[in-house]
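A short worksheet on the structure shown next.
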Amino acid sequence: MSRRIALSVAAGVVVLGGAGAFALAHAGEQSPGLAGSTARYAAPEGGRDGSLTFVTDVTASGGVKSVKVLAWPQNSALAEKKPTAGEMAAAEQAVCEPSGEDAARCTYTVPVTGADAEASPRGVWHVAVLATAKDGTTTLDTQAADFTVG
C-alpha cells in the first residue's frame, strides 16, 4: 500500500470517528419530545368548581426534569407575542410520573371557581408547555393543546 493511500485511509478514519462521536454527543442533547397533549375544561356548575386538566407524554434522553404549563386566551396580547421560555420558567408545574425509560406522563390540574370562569375571556384558549430534560435541554410549545371557555 502506498504511503499516500495509507494517509488517506487514516485521515478518513479520523474524520468518520469524529463524526460518529459528534453524532453520539448530539443524540444525548436532543430536546425533550411532547406527544399526545390534551386539555379538558369543565366549567363550574351548580355551585361546584370546574377544572382544567392538561396531559402530555414527554420523552427525554436521560429523563424529564420538569414540565411547566400556562393556559392563555387566543384573544389576548399573547396571541401576538407568544410566551417565551424565560416567561414559562415562572409558570405552574405539572406532576410527572415515569411511564417508561426516559419518558413521563405529565398532568396539570387546576380548579376553576365560578368567579374564575366569570372573569375569564370566552372563546379558544391555548396551553403553552415548557419541558426541561435532566440534561438542561428544553422544548417550548406555545400551543400544545387547545380548549374552549364557553
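The values are calculated or read from the model by the stated rules, or taken from the named source; none is laboratory data. The model shown is predicted, which means the values in this text are computed figures rather than measured ones. Quick reminder, even Gly has a Cβ in these numbers, built from the backbone with ideal geometry, and neighbours come from all protein chains shown. Note: accessible area is taken over every heavy atom of the protein model, side chains too, but ligands, DNA and RNA are not part of it. Shrake-Rupley method; radii C 1.70, N 1.55, O 1.52, S 1.80 Å.
Quick check on segment 108-131. Is at least one of its residues open to solvent by 50 Å² or more (accessible area, probe 1.4 Å) and more than 26 Å from Pro44 (Cβ to Cβ)? No. Just one of (1) buried (at least 16 other Cβ atoms within 10 Å of the Cβ); (2) touching an Asp or Glu at 6+ places or on another chain (Cβ under 7 Å) fails for Leu52. It is (2). Count of segment 132-150 residues, restricted to those that are open to solvent by 70 Å² or more (accessible area, probe 1.4 Å) and either touching a Pro at 6+ places or on another chain (Cβ under 7 Å) or among the basic types (Lys, Arg) (or both), is 1. Scanning segment 73-107 for residues that are closer than 16 Å to Thr56 by Cα and β-branched (Val, Ile, Thr), we see that the one that is surrounded by the fewest Cβ atoms within 10 Å (Cβ to Cβ) is Val95.
Report whether or not Glu29 is modelled with pLDDT under 95 and surrounded by 11 or more Cβ atoms within 10 Å (Cβ to Cβ).
Working: modelled with pLDDT under 95: yes; surrounded by 11 or more Cβ atoms within 10 Å (Cβ to Cβ): yes.
It is true that Glu29 is modelled with pLDDT under 95 and surrounded by 11 or more Cβ atoms within 10 Å (Cβ to Cβ).
Tell me, please, whether a residue that is part of a loop (DSSP other than H, G, I, E, B) and under 11 Å from the mean Cα position of the chain (by Cα) can be found in segment 116-125. The answer is no; no qualifying residue exists.
Residues in segment 132-150 that are part of a strand (DSSP E or B), within 28 Å of Gly47 (Cβ to Cβ) and in contact with a Lys or Arg (Cβ under 8 Å, 6 or more places away or on another chain): Phe147, Val149.
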